[in-house]
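Have a look at the structure below before the remarks.
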Amino acid sequence: MKTKLSNLIFIIIILASIVVGVWAYSRLPSVIATHWNAAGQVDGYMSKFWGIFLTPIIMIFMFILYLVIPKIDPLKTNIASFGKYYNLFWILFEVFLLYIYVLQLGWNFGWQFNFSVMIIPAFAFLWYFLGAFLPKAKRNWFFGIRNPWTLSSDVVWEKTHRLAGAFFKAAALISLIGFFFPSSSIFFVIIPVLAFAIATFIYSYVQFKKLK
């Protein structure tokens with residue numbers, strides 16, 4: 001995706017979230033639900049202003065990061081080499097945030113659903129596309145599996161990211177199992193990713209030692 005187009009889409013998504021927030025502000029109580037536990041039950045609240053506008057503020061911050069990272073990374077030419085994938089990932093991440101935001105507001109407007117179950121498709125979507133993008137990433141300081149061994153070697157970086165790509169796609173499929181276990185669905189979303197993160201960390205170290 002070209003940068004100008006991705007910038008435009010970014011701005012449209014942010015403006016849409018702000019418009020929805022402004023519309024919702026006068027229609028919601030002074031305190032709203034903002035956090036749900038693993039069973040999908042509310043266990044956290046915020047004042048109306050922060051509950052409604054925190055996510056749009058985060059989205060604006062993400063947009064700033066998206067713009068700044070390619071300019072400040074010492075390996076910026078590497079980021080440019082997979083620029084279209086970099087742009088697309090950030091757009092999809094904003095869509096992910098927008099989906100969660102709509103669920104949050106919908107709950108406070110009285111929609112009845114299990115929040116933990118409803119976020120499963122969003123995470124499966126995010127994990128799958130992250131798995132598709134990671135093998136495309138070139139060595140850089142901000143995006144990807146960054147540790148002393150991947151950042152020290154293009155070979156280790158590429159091998160680690162190929163494996164991480166497969167792991168994240170698998171995590172996307174595993175997370176969908178959570179639909180069948182509503183009371184513990186969030187664990188199918190989080191635990192595989194944590195396990196695969198540890199595995200890729202160890203794998204990158206092993207591959208680096210082999211080079212030596």
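The values are calculated or read from the model by the stated rules, or taken from the named source; none is laboratory data. Note that this is a predicted model, so its numbers are computed, not measured. In this analysis, Cβ positions are derived from the backbone assuming ideal geometry, glycine residues included, and neighbour counts consider all displayed protein chains. Surface accessibility is based on the protein's heavy atoms, side chains included, excluding ligands, DNA and RNA. Shrake-Rupley method; radii C 1.70, N 1.55, O 1.52, S 1.80 Å.
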Inset, instruction - For segment 43-76, name all the residues that are among the β-branched types (Val, Ile, Thr) and touching a residue at least 60 places away in the same chain (Cβ under 8 Å). - result: Ile69
Legend entry - Among (1) of a type outside the set (Gly, Ala, Ser); (2) touching a strand residue (DSSP E or B) at 6+ places or on another chain (Cβ under 8 Å); (3) open to solvent by 40 Å² or more (accessible area, probe 1.4 Å), the one test that Ile52 misses: (3)
Inset, instruction - Working carefully through the options Leu105, Leu15, find the one that is at pLDDT 95 or above and touching a strand residue (DSSP E or B) at 6+ places or on another chain (Cβ under 9 Å). - result: Leu105
Legend entry - Checklist (1) surrounded by fewer than 13 Cβ atoms within 10 Å (Cβ to Cβ); (2) farther than 26 Å from Ile186 by Cα; (3) hydrophobic (A, V, I, L, M, F, W, C) applied to Val31, failing item: (2)
Inset, instruction - Check Pro74 against each of (1) within 21 Å of Phe109 (Cα to Cα); (2) not in a helix (DSSP H, G or I); (3) not charged (D, E, K, R) and name the one condition it does not meet. - result: (1)
Inset, instruction - Out of Ile79, Ile100, Ile145, Ile186, report the one residue that is among the β-branched types (Val, Ile, Thr), open to solvent by 20 Å² or more (accessible area, probe 1.4 Å), farther than 30 Å from Gly40 by Cα and touching a residue at least 24 places away in the same chain (Cβ under 8 Å). - result: Ile145
Legend entry - Of all residues in segment 189-212 being among the hydrophobic types (A, V, I, L, M, F, W, C) and open to solvent by 90 Å² or more (accessible area, probe 1.4 Å), the one that is farthest from Val117 (Cα to Cα): Leu211
Legend entry - Search result, residues across segment 149-183 that are open to solvent by 20 Å² or more (accessible area, probe 1.4 Å) and in contact (Cβ under 8 Å) with a residue 60 or more places away in the chain: Phe179, Pro182, Ser183
Legend entry - Members of segment 133-142 that are open to solvent by less than 50 Å² (accessible area, probe 1.4 Å) and more than 19 Å from Ile202 (Cβ to Cβ): Phe133, Ala137, Asn140
Legend entry - Top-ranked residue in segment 108-127 [being surrounded by 19 or more Cβ atoms within 10 Å (Cβ to Cβ) and of a type in the set (Phe, Trp, Tyr); ranked as modelled with the lowest pLDDT]: Phe115
